[in-house]
Amino acid sequence: MTPDSKTSLTLAEKIIRDHLVSGEMNPGSEIAIRVDQTLTQDATGTLAYLEFEALGIPRVKTELSVSYVDHNTLQTGFENADDHLFLQTFAARYGIYFSRPGNGICHQVHLERFGKPGAVLLGSDSHTPTGGGLGMLAIGVGGLEIAAALSGRPFNLVMPEIFLVRLENRLPPWVSAKDVILKVLAEIGVKGGVGKILEYGGAGVETLTVPERATITNMGAETGATTSVFPSDELTKDFLSRQERAGDWRELSADPGARYSGELVIDLAALEPLAACPHSPDAVRTVKELAGTPVGQVCIGSCTNSSLADLMTAAAILKGKTVHPGVSLVISPGSRQVMEMMAANGALADLIASGARILESACGPCIGMGQSPSSGAVSLRTYNRNFRGRSGTADAEVYLVSPQTAAASSRKGEIFDPRELGDPPKIKLPIRFAVDDSLILPPSPEPETVEVIKGPNITAIPTGEPLPGEMTAAVWLEVGNNITTDDIMPAGSKILPLRSNIARISRYVFAALDPGFVERTEYERRLARRGVIVAGENYGQGSSREHAALAPYYLGVRAVIARSFARIHRSNLINFGILPLTPGEEEISGKLRVGDELCFPSLRREVEEGGPVTIRDMTRGGELRLTLELSPREREILLAGGLLRSLSG
Ligand code: MIC
Ligand code: SF4
């Protein structure tokens, strides 16, 4: 840091400074910060808690930890229900609050009930930055990082650059927070945020409510940013007061003269309704350009757009109208609080009368848990990801839009610019929200009496092996840029119930990209040969699911060679003992082909020395020296055979 930036700090730097345990706040160097809160959800939580259990610590050491059930709520077999029971009993025993199924999506409920300006929250879900809407530093991580935090360890990360997104003026009618983040994505793309915290500032901030800010920080995850954060101001206080939590408020903003690594200016007044086109959140076009495209499904809700205001706006647009005959309209309210208040004020009745299909408060269609669209259908969603196949229908065309655009289009049966509907609905929010925490169970006061119940689908986590001195492997797969964790380890209603059973879920690794992958590599496994994946830029973008590292590891993958990695996935690879290699100075194009046998002659020694790592191509000759950029701590983890071994060893 330069001397004057030491006295003038950005908002993110202030929170980091207040939590700094080790390291210097210089972008690019490793720091460790104290963790105040953690959250997990059921699809990542079972693994995180099994990992914590393996550490042998009797009670969590965080200030507050909450276990939510929101992803695997479609109970088409015993698996999900068993997982819920495991999570409930585990939480009671180890000191964790448990948000019961039906209470809502983790990010929405956490924002309403627990988030605190100035605190550090880690969540085993990539959309944890939703909390940034309240002025907290909320970061998505893999489950092992949660297990480490629960055991009282600080969180290690590379100090990000702090990048300013300056908002100016005020949004025009019919244009919403979703359009703001779509604009950010259009400007910086799905890897534009890597290595950065996006900090919002400028006069436009005070025109946005906390839920609107949370829409923006939530979907900031799609830029690859470490997190996004808004100042905590009078509007934050107002939000917390409505939630009967005024005592959790504190004012927080950047110092005048704080220095940023860069700046993006967004004139809110100049924005118009936008849409992310298939199959990437940064493939942004204006709704006007897309208008007239026939639509088969419209989904409103998810952790991105589930506030009371969002859903009441949708209800007002649909009031007295009927959903177009060609459209299936699905509503998944983000929390029970929102659902209950809509039931009380009549908005829910308006939606039901319009023909909307009302789902429980959960992730639902966002992660392919039901409501997959019909073949080739255009599905308009207020969600945050439109990766190919994520909806559960391989050839569906998913567009990401605001609740305004979604509701208007559901009436018309085609993509429709809501501005053409005339005056926008006026939504009046109540002074007090329906606060009722009865579905949030506190931990047991007598933990020793609680039996943790593990159904038959909950199996032990496979343990890693220390990094060998040398290794033979083969190239198992070559893929392109922006491979998502949905590509590596698909979700959806059939595969998600296997999240607690690595042997079973590993059968689906790369299932959508390369359906023959697991079978083809079976023979290699019999020879105890290891696998290498070759990829392009931004490998592992998207979710925090550890399964996208652990399941490939289980099959024998030991290295991924990619031009660059997404942050959370890179950590997950290291935490499970997979080498994240980059070409560095080497030209690798066309040099490694699927099936090539490789030898890593001095693997362990080279990793101990910090790389480069030598690879010999035994099939076609030639030698490559690849870069392994690791902090000393990460090096130890890889040498030990993963974080769990390194923590317990
Ligand atoms: C997602 O939106 O992709 C998920 C499902 O919430 C994931 C977590 C998971 O895979 O369980 C995420 O965003 O981290
Ligand atoms: Fe759930 Fe979708 Fe949000 Fe992930 S992005 S937490 S699946 S609602």
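The numbers here are math on the coordinates, done by the rules we state, and not lab data. Everything numeric here is computed off the predicted structure, so don't read it as measured data. Quick reminder, even Gly has a Cβ in these numbers, built from the backbone with ideal geometry, and neighbours come from all protein chains shown.
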(request) Compute the projected area of the convex hull of the Cα atoms of segment 218-351, averaged over all viewing directions, and report it in nm² to one decimal place. (result) 11.5
(message) P(r) for segment 1-130, please, calculated from all Cα pair distances in 5 Å bins and given in %.
(response) 2, 9, 18, 19, 16, 13, 9, 6, 4, 2, 1, 0, 0
(request) Provide the FRET efficiency to the nearest 0.05 for the Arg633-Ala270 pair, computing r from the beta carbons and using R0 = 51 Å. (result) 0.70
(request) Could you sort 444-451, 542-549 so that the peptide with the highest average Cβ count within 10 Å comes first and the rest follow in order? (result) 542-549, 444-451
(request) Any aspartates and glutamates with Cα under 18 Å of the Lys454 Cα? List them, leaving off those in the same chain fewer than 8 positions away. (result) Asp42, Glu51, Glu53, Glu79, Asp82, Asp83
(request) Assign unit charges at the C-beta atoms only (+1 for Lys and Arg, -1 for Asp and Glu), then state the dipole size of the chain relative to its Cα centre in Debye, rounded to the nearest 20. (result) 740
(message) Test of understanding: ordering Arg625, Arg529, Arg570 by Cβ neighbours within 10 Å, fewest first, what list do you get?
(response) Arg625, Arg529, Arg570
(request) Could you pull out every one of the aspartates and glutamates with an alpha carbon less than 18 Å from that of Lys591, ignoring same-chain neighbours closer than 8 positions? (result) Glu478, Glu537, Asp617, Glu623
(message) For a quick size check, give me the Cα extents of segment 164-266 along its three principal axes, largest first, whole Å.
(response) 38, 34, 23
(request) Tell me what the chain gives for mean residue ellipticity at 222 nm when only DSSP H runs of n ≥ 4 count, each as -39,500 (n - 2.57), the sum divided by the residue total, rounded to 500 deg cm²/dmol. (result) -8000 deg cm²/dmol
(message) Filter Lys178/Lys319; Lys14/Lys426; Lys116/Lys178; Lys288/Lys321 down to the pairs with a C-alpha to C-alpha distance above 32 Å, please.
(response) Lys14/Lys426
(request) State the extension gain, in nm to one decimal, for the chain segment bounded by Asp18 and Glu420, taking 0.36 nm per residue of separation less the distance between their alpha-carbons. (result) 139.9 nm
(request) Note the full-extension length gain between Ser8 and Arg170 as 0.36 nm times their separation in residues minus their Cα-Cα distance, in nm to one decimal. (result) 55.6 nm
(request) Assign one of three labels to segment 477-564, namely rounded, prolate or oblate, based on the Cα gyration tensor with a ≥ b ≥ c the square roots of its eigenvalues; rounded applies when a/c is under 1.5, prolate when it is not and a/b is larger than b/c, and oblate otherwise. (result) oblate
(request) Could you size up the charge dipole of segment 1-141 around its Cα centre, putting +1 on the beta carbon of Lys and Arg and -1 on that of Asp and Glu, and report it in debye to the nearest 20? (result) 460
(request) Obtain the nm distance between the two label points defined at Arg250 and Ala203 by a simple spin-label model: each point lies 7 Å from its Cα along the Cα-to-C-beta direction. (result) 3.0
(message) Within a 10 angstrom radius of the beta carbon, how do Asp395, Asp70, Asp437, Asp179 rank from fewest other beta carbons to most?
(response) Asp395, Asp437, Asp179, Asp70
(request) Would you mind getting the Kirkwood hydrodynamic radius of segment 1-78 from its Cα pairs, rounded to one decimal in Å? (result) 15.8
(request) Starting from the coordinates of the alpha-carbon atoms of segment 268-334, obtain the Kirkwood hydrodynamic radius over all distinct pairs and give the value in Å to one decimal. (result) 13.8
(request) Output ³J(HN,Hα) for segment 328-333: one whole-Hz value per residue in order, computed from phi by the Karplus curve 6.51 cos²θ - 1.76 cosθ + 1.60 with θ = phi - 60°, and x for Gly and Pro. (result) 9, 9, 10, 10, 10, x
(request) Would you mind calculating the relative contact order of segment 94-185 from Cα pairs under 8 angstrom and at least 6 residues apart, reporting the percent as a whole number? (result) 17
(request) Could I have the simple spin-label model distance between Glu608 and Ser241, label points 7 Å from Cα toward Cβ, reported in nm to one decimal? (result) 6.3
(message) Please report the antiparallel percentage of the DSSP beta bridges confined to segment 192-317, to the nearest 5.
(response) 60
(request) Please work out how much length the chain gains when fully extended from Arg357 to Asp437, using 0.36 nm per residue of separation minus the C-alpha to C-alpha distance, in nm with one decimal. (result) 26.2 nm
(request) Have a look at Thr382, Gly364, Gly135 and report the one farthest towards the positive end of the charge dipole of the chain, computed about the Cα centre with Cβ charges (Lys/Arg +1, Asp/Glu -1). (result) Gly364
(message) Could you sort the peptides 17-27, 117-127, 552-562, 275-285 by per-residue average Cβ neighbour count (10 Å cutoff), highest mean leading?
(response) 117-127, 552-562, 275-285, 17-27
(request) Only residues of segment 304-325 count here: report those whose backbone N is under 20 Å from the spot 7 Å along Cα→Cβ of Ala344, or say none. (result) 306-316
(request) Take the chain, compute every pairwise Cα distance, and split them into 10 Å bins from 0; I just need the percent in each bin. (result) 3, 17, 28, 27, 17, 6, 1, 0
(request) Report the paramagnetic label zone for Cys599: residues of segment 425-468 whose backbone N is under 19 Å from a point 7 Å from Cα along the Cα-to-Cβ axis. (result) 468
(message) Looking at segment 548-639 only, what percent of DSSP beta bridges run antiparallel? Nearest 5 please.
(response) 70
(message) Restricting to Cα atoms and excluding each atom paired with itself, what does the Kirkwood estimate give for segment 377-481 in Å?
(response) 21.3
